[in-house]
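The next block holds one structure in the form of structure tokens; read it before the comments.
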Amino acid sequence: MGKPVFSDLRQGTLTLPLIYAKESEVGSDILECLSNKTVPDWKIPELRSKLIAGGYVRRAGHVACALLDSARQDLARLPGSPGRASLSYMCDQLVRRVRCASPDVQPSDVRNFSPSGVSTEGIP
């Protein structure tokens, strides 16, 4: 959980925002970078801007927060224990990380987003 935001982009790792973006007008840039397995440092700010402006980071943030909310609900059904407390803490930290990557994802967005509405269409 301590890696820098967008470090996956630099390493050419396929993530949910990239999966969403690859079907768009930015797709050719994304696929070109991923085919090289690494993204050059000079290309990161441009791709990052496109991922944010296209709403792909926000969309992935909604999915992540919805899944974390579902995990919290499942955890709440378990008896109290140090393990449950640790997992709850990790959920909180991951939500903070999502909000660093996409500050416009708000708690109210999460409450109104259902994990069952998460589309996996187009994900291999």
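All of the numbers you see were taken from the coordinates with simple rules; none came from a lab. Being a predicted model, the structure only gives us computed values, none of them experimental. All Cβ positions, even for glycine, are placed from backbone atoms using ideal geometry, and neighbour counts span all protein chains on display.
Translational diffusion of the stretch 1-54 was estimated from the Stokes-Einstein equation, with Rh taken as the Kirkwood radius over Cα pairs; at 25 °C and 0.890 mPa s the coefficient is 223 µm²/s.
Loop-located GluC sites (Glu not before Pro) in the stretch 13-107 (DSSP state not H, G, I, E or B) with no more than 10 neighbouring Cβ atoms inside 10 Å: E25. What separates the Cα centres of the stretch 70-100 and the stretch 21-38 is a distance of 33 Å.
Here the Karplus curve 6.51 cos²θ - 1.76 cosθ + 1.60, taken at θ = phi - 60°, turns the phi angles of the stretch 55-68 into couplings of x, 6, 5, 4, 4, 5, x, 4, 4, 4, 5, 5, 5, 5 Hz, with x standing for Gly and Pro.
In order along the stretch 70-78, the Karplus-derived 3J(HN,Hα) couplings, from 6.51 cos²θ - 1.76 cosθ + 1.60 at θ = phi - 60°, round to 5, 4, 4, 5, 5, 4, 5, 7, 7 Hz, and Gly and Pro are given as x.
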